[in-house]
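Here the structure comes first, spelled out in structure tokens, and everything after it is commentary.
The values are calculated or read from the model by the stated rules, or taken from the named source; none is laboratory data. Model, not experiment: these values are computed from the prediction. Note that we place each Cβ from the backbone using ideal geometry, even for glycine, and neighbour counts take in every protein chain shown.
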Amino acid sequence: SHLDYIFKTRLYTQEQKLISDKTYIKEAEITCNFPNKILIKIKERTPSFLTKFQGEYLLIDSEGYVLEVFSDEDKPDYPIVEGLDIAGYKTGKSLGSQSSPSRLELAIKICNLMEQSEFLEGYIDIIDITNENSIWMFAGPSLSVKLGNSSDLAMKISTLKEIFQSGYDGSSQGTVDFTSGKNPIFRFNDNNS
């Protein structure tokens, strides 16, 4: 009703303070409903991957924001993206990069596609985008995945998930190669052929 609207006050300053103080909060809405009620609505950031910078691991969200910093001993189980040439960072802010923004966008795209297909956690340890035309993934202890360039990434990741579910996973000693034709092929490491 009209009276309800009159007695609601939005606390914009507190919203901005909450967002700046808490790196995992993307959006916040704080409403004071008189006489004695405060309603807080938040939208959280979703962690997506780690990247290493000067001996620390930065936890990056699905939009390129730095959520938290970890040491090697306490880092969470997310893929580590290699190949981002980082200029600097500040927690709660977008990652600064010396390389073209397309590399950060590529890392975000790959991790978002992996998350959408429920293939993110526990499968892939490292994603190497140092060369955007030769993207590699590694699953411990001994499986390599050669994705090639960024074309058809959604199809490649979906197919890779199926390959893992069929039994070729990190314990498979070889390489899944998406660059040798229409369909991926599996090659055993030289010492296992």
So which pairs qualify, if the first residue must be in the stretch 93-107 and farther than 14 Å from residue 52 by Cβ and part of a loop (DSSP other than H, G, I, E, B), the second must be of a type in the set (Asp, Glu) and modelled with pLDDT under 65, the Cβ gap must be under 9 Å, and the two must be at least 6 apart or on different chains? none
Are there any pairs, at least 6 apart or on different chains, whose C-beta atoms fall under 6 Å, with the first in the stretch 53-74 and polar (S, T, N, Q) and the second modelled with pLDDT under 95 and assigned to a strand (DSSP E or B), and if so, which? 62/48
Check the stretch 31-47 and report whether any residue there is within 30 Å of residue 170 (Cα to Cα), surrounded by fewer than 16 Cβ atoms within 10 Å (Cβ to Cβ) and not small (Gly, Ala, Ser). yes
Listed residues 91, 13, 46; which is more than 25 Å from residue 149 (Cα to Cα) and at pLDDT below 90? 13
Tell me, which strands (runs of 3 or more DSSP E) lie completely within the stretch 1-82 with 1 or more residues that are of a type in the set (Asp, Glu)? 25-33, 37-44, 56-61, 66-70, 80-82
